[in-house]
Amino acid sequence: LNRPNYWGIYITNFVFFIGISHAGTLISAILRIARAEWRRAITRSAEVITVLVIFFGVGNILIDMGRPDRLLNIVKHGRFQSPLLWDVVSVTTYLCGSTLYLFLPLIPDIAILRDRTRGVRHRIYRALALGWQGTPRQHRILELLISIMAVIVIPIAVSVHTVVSFVFAMTVQPMWHSAIFGPYFVVGAIFSGIAALILAMAIIRSIYGLQDYLKAVHFNYLGVLLLIMALLWTYFTFAEYLVTFYGGEPVHMAVWWSKISGPFAPAFWTMVVCCLVVPFVILANRRTRTVKGTVIASITVIIGMWLERWTIVVPSLSNPRLPGAEGSYFPTWVEWSIFAGCAAAFTLLYMIFTKVFPIVSIWEIREGREAAVREVVERVKSYLPPQAVGRAR
């Protein structure tokens, strides 16, 4: 309790993992609502990331507490005036909503597995299929439920990382007490989520030979989204540091200079290179915005966004307002090992999921082949003038 950096790599990992979880809900839900046909092969990859990675974000909180049994204090002595309790409520709601949003589109595919398996697996799939027979009525109900959940999870996802930012911004720590932290954290979450989705798709594509489903066009479109989010992230970062510099408060400037030219400068400038320079150079050019190019950009973004969380958490705590409490912090080998274990466990669970359930939605691909072209033609007719439609014919 005598050292100022009571929050270290574990809280950095918490913010990082919760940010990556936005890959599923925001990307998948927005593409569903926008009726983007190219989404069909990638939505499940994103939704699985969301559900699994939340557990590791919450797990790092329990590790940081030292005694996980203290979590019961939230139930026994919780006060809703605390942003920490807001965080618990929002993350729990997000986990429940994301799990339901993952499960609903899985039902038709589970029914396919039910009809093609025997023994224990057949009984498990039969229970999970919930009596799905693929009737028109069931399809209508399923589509309605998926649409409702897609609309619901978007504001929940935005609120989650906004509340995560409130945990920092509601304090008076230097360079945390900022009104821009809400949208700044949400943009960073979407940014890192897209990068994680691209990397997961590339691994799945390579291991399972899904080149016919996860095509170059998917990586191209996601690469464009990644480039847009890189520019948005740059704007928010620039605004945050510009306002702090212009204000010139000594306590804030001590943290500011520690990032720009002090002990945290290597992490800060590596973050800038990884989150702006490399993605912009690769993704702004169509010739380099290939599968390989987007994967390289995504890897650098993931590294850079982890460093961004690091430079938010540690420098402010290393320069507290109280004199005589300054200290330095660097993770021990135990902390690095736990971080590596979280990444390895997430990868393991993700690959187990791909072995148990289809990682590419079978029924959505079938539906796309049967109805998507007709649907797109009707949609185009609805907003083009009649003469333009006649000329197109």
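The values are calculated or read from the model by the stated rules, or taken from the named source; none is laboratory data. Note that the structure is predicted; figures quoted are calculated from it, not measured. Here the Cβ positions follow ideal geometry from the backbone for every residue, glycine too, while neighbour counts run over all protein chains shown. For the accessible areas, the whole protein counts, side chains as well, though only heavy atoms, and no ligand, DNA or RNA atoms are used. Shrake-Rupley method; radii C 1.70, N 1.55, O 1.52, S 1.80 Å.
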- [ ] Kindly provide the set of residues from the stretch 38-58 that are assigned to a loop (DSSP other than H, G, I, E, B) and surrounded by 24 or more Cβ atoms within 10 Å (Cβ to Cβ), ordered by number.
- [x] Ile42
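Out of the residues in the stretch 75-88 meeting the condition of being among the aliphatic types (A, V, I, L, M) and open to solvent by 70 Å² or more (accessible area, probe 1.4 Å), tell me which one is farthest from Gly59 (Cα to Cα). Lay out the reasoning, then the answer.
Taking the stretch 75-88 and keeping what is among the aliphatic types (A, V, I, L, M), we get 75, 84-85, 88.
Filter once more, so that each one left must be open to solvent by 70 Å² or more (accessible area, probe 1.4 Å): 75, 84.
Details: Val75: 18, Leu84: 15 Å.
Looking at the filtered set, the residue picked out is Val75.
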Open item on the list: Looking at (1) open to solvent by 20 Å² or more (accessible area, probe 1.4 Å); (2) part of a helix (DSSP H, G or I); (3) charged (D, E, K, R), which one does Arg35 not meet, given that it meets all the others?
Closed with: (2)
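For every residue, the table says whether it meets (1) modelled with pLDDT under 90; (2) surrounded by fewer than 14 Cβ atoms within 10 Å (Cβ to Cβ); (3) touching a helix residue (DSSP H, G or I) at 6+ places or on another chain (Cβ under 8 Å).
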{"site": "Tyr241", "(1), (2), (3)": "no, no, yes"}
{"site": "Tyr246", "(1), (2), (3)": "no, yes, no"}
{"site": "Glu249", "(1), (2), (3)": "yes, yes, no"}
{"site": "Ala254", "(1), (2), (3)": "yes, no, no"}
{"site": "Phe264", "(1), (2), (3)": "no, no, yes"}
{"site": "Trp269", "(1), (2), (3)": "no, no, no"}
{"site": "Leu276", "(1), (2), (3)": "no, no, yes"}
{"site": "Ile282", "(1), (2), (3)": "no, no, yes"}
{"site": "Arg287", "(1), (2), (3)": "yes, yes, no"}
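Of the residues Thr99, Thr92, only one is over 13 Å from the mean Cα position of the chain (by Cα), over 19 Å from Leu142 (Cα atoms), open to solvent by 10 Å² or more (accessible area, probe 1.4 Å) and at pLDDT 85 or above; which?
Thr92
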Task: Any chance Ala23 is closer than 16 Å to Val160 by Cα and at pLDDT below 85 - done: yes
Task: Within the stretch 352-367, considering residues that are open to solvent by 50 Å² or more (accessible area, probe 1.4 Å) and under 18 Å from Glu143 (Cα atoms), the one modelled with the highest pLDDT - done: Ile362
Task: Unmet requirement for Lys259, which otherwise passes all of (1) over 22 Å from the mean Cα position of the chain (by Cα); (2) charged (D, E, K, R); (3) open to solvent by 40 Å² or more (accessible area, probe 1.4 Å) - done: (3)
- [ ] Counting only residues that are surrounded by 19 or more Cβ atoms within 10 Å (Cβ to Cβ) and under 19 Å from the mean Cα position of the chain (by Cα), give me the helices (runs of 4 or more DSSP H) lying completely in the stretch 119-222 with at least 2 of them.
- [x] 136-169, 181-208
Open item on the list: For the stretch 14-68, which positions are touching a residue at least 12 places away in the same chain (Cβ under 8 Å) and on the phi > 0 side of the Ramachandran plot?
Closed with: Arg35
